[in-house]
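Just so it is clear, none of the values below were taken in a lab; they were calculated from the coordinates. These figures come from a predicted structure and were not determined experimentally. Neighbour counts run over all protein chains shown; Cβ positions are idealised from the backbone, glycine included.
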Amino acid sequence: MAAFEYRDEQLFVEGLALDELARRFGTPAYVYSRAAIEAQWRAFDEGLGSISHLVCYAVKANSNLAVLNLLARLGSGFDIVSGGELERVLCAGGDPGKIVFSGVGKSEQELCRALEVGILCFNIESEAELERLNHLAGEMSCRAPVSLRVNPDVDPKTHPYIATGLKEHKFGIAMEDAVDLYRRAHDMSHITVQGIDCHIGSQLTELEPFAEATRKVLELADELLASGLELTHLNLGGGLGIRFRDENPATPAVYTGLLCELVRERPFKLLIEPGRAIVGNAGLLLSRVEYIKHSGSKHFAVVDAAMNDLMRPALYQAWHDIVPVHKCTDIDSETYNVVGPVCESGDVLGAERELRVTAGDLLAVHSAGAYGFSMSSSYNSRPRAVELMVDGNEVYVVRERERVEQLHAGEFLLPD
């Protein structure tokens with residue numbers, strides 16, 4: 001579903017006008033659509049409906065408690081990458097028995113806490129991590145459920161910063177080492193081998209990398225089963241892309257249909273870990289133009305949102321559609337660089353955009369529901385933005401705007 005649409009030249013989210021939200025709550029503001037989030041999660045879940053499965057939302061995409069709670073109510077599982085994300089899921093009402101724990105650098109404290117609450121599975125990224133987990137589970141007199149995250153050496157054809165499935169990346173265990181490490185894991189006294197895990201990257205817009213990685217995982221599964229090792233699930237990760245500009249990614253239905261076709265007739269439960277594809281286009285960043293500035297041949301729309309609010313353009317050279325909240329035809333369009341107030345030349349939310357704007361106008365930065373607020377910071381001592389969830393004709397503050405005094409609340413002066 002489309003979370004945001006124009007009505008009479010005004011941009012709406014579900015039943016509410018964005019200019020009204022700006023008036024009530026100020027800018028910059030993250031705005032999410034409940035209906036869009038729930039519809040996208042259901043699209044993945046229903047697409048896998050014919051086989052045993054669990055959709056594990058990737059918490060790193062957007063870890064707001066209200067988002068997590070909405071998904072927990074739907075029965076979602078969760079893919080976490082830190083102890084902090086574990087506590088967020090638990091606080092939001094998530095079932096620990098539906099949590100998978102990924103990440104290359106899990107600490108002893110994080111592993112022990114996850115064992116304590118009884119998560120579904122640890123996605124193991126190295127031999128050293130496996131040995132640490134076996135030792136800690138022994139000290140706690142329990143067994144740790146594990147999958148090994150294998151690295152299939154598949155090119156995901158995405159930005160190099162968000163590709164994770166090639167040999168040169170820090171993630172996962174090389175395919176040629178996997179069988180021996182599975183045998184070691186099977187023989188460990190406090191480890192229970194449950195499955196195979198694989199994740200090759202984020203914002204994938206082609207299906208063939210998914211298919212190639214899945215085929216390699218299935219070959220490994222066949223080899224392990226033939227050697228006498230038992231497996232209960234395959235975790236094929238996430239990474240399905242969304243449309244930012246002119247991409248044409250597969251729909252959740254087409255993506256899940258491919259996976260079902262590849263794993264059909266296999267005796268495994270299927271886990272997937274979508275994140276961006278659930279929340280990315282269900283949110284936007286609302287901002288106001290502070291100044292219009294002309295410098296030679298360059299025109300700048302200086303807005304009150306910045307790279308500390310939305311890091312992706314500066315970090316990945318990511319493209320986000322930027323549109324006026326009110327369509328205006330009585331002023332001429334210009335080519336603007338939409339920039340923020342942070343003291344960095346890289347603080348550009350959008351370069352070379354054709355806009356009809358003037359100071360005081362509202363702009364909406366689309367596709368900001370994933371890796372927007374979750375990657376934000378207080379750089380330049382800028383308080384982080386308010387987060388709003390719209391549900392039909394109602395709006396809820398799901399994270400209040402940070403106050404300046406909160407930025408230094410944990411800091412102390414030296415004594416005289």
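Below, the figures for the structure above:
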{"read-out": "Helical segments meeting 15 Å axial Cα length and Kyte-Doolittle -0.5 threshold in the chain (DSSP H)", "value": "208-226, 252-263"}
{"read-out": "Anisotropy class of region 264-416 from Cα gyration tensor, a/c 1.5 cut", "value": "oblate"}
{"read-out": "Antiparallel content of DSSP bridges confined to region 34-276, in %, to 5", "value": "5 percent"}
{"read-out": "Filter on Lys60/Lys269; Lys98/Lys269; Lys60/Lys98; Lys60/Lys106 - keep pairs with C-alpha separation over 21 Å", "value": "Lys60/Lys269"}
{"read-out": "Built amide H within the under 5 Å cut-off of Arg288, gap 5+", "value": "Asp304, Ala305, Leu363"}
{"read-out": "10 Å Cβ shell holding at most 13 others, DSSP loop, GluC sites (Glu not before Pro): longest site-free stretch of the chain", "value": "10-167"}
{"read-out": "Globularity ratio of the chain, using Cα Rg and 2.2 N^0.38 Å", "value": "1.05"}
{"read-out": "Local electrostatic count, Ala17, Cβ distance below 14 Å [Lys/Arg +1, Asp/Glu -1]", "value": "-3"}
{"read-out": "Neighbour-limited loop hits for trypsin sites (Lys or Arg not before Pro), region 323-383 (at most 13 other Cβ within 10 Å; DSSP other than H, G, I, E, B)", "value": "Lys327"}
{"read-out": "Magnitude of the charge dipole, region 34-276, Cβ model with Lys/Arg +1 and Asp/Glu -1, debye to 20", "value": "740 debye"}
{"read-out": "Gain on full stretching of the segment that runs from His186 to Ser107 - 0.36 nm per residue minus C-alpha separation", "value": "26.2 nm"}
{"read-out": "Coarse-grained scattering of region 34-276 at q = 0.13, 0.18 Å⁻¹, given as base-10 log I(q)/I(0) from a Debye sum over alpha-carbon atoms", "value": "-0.75, -1.51"}
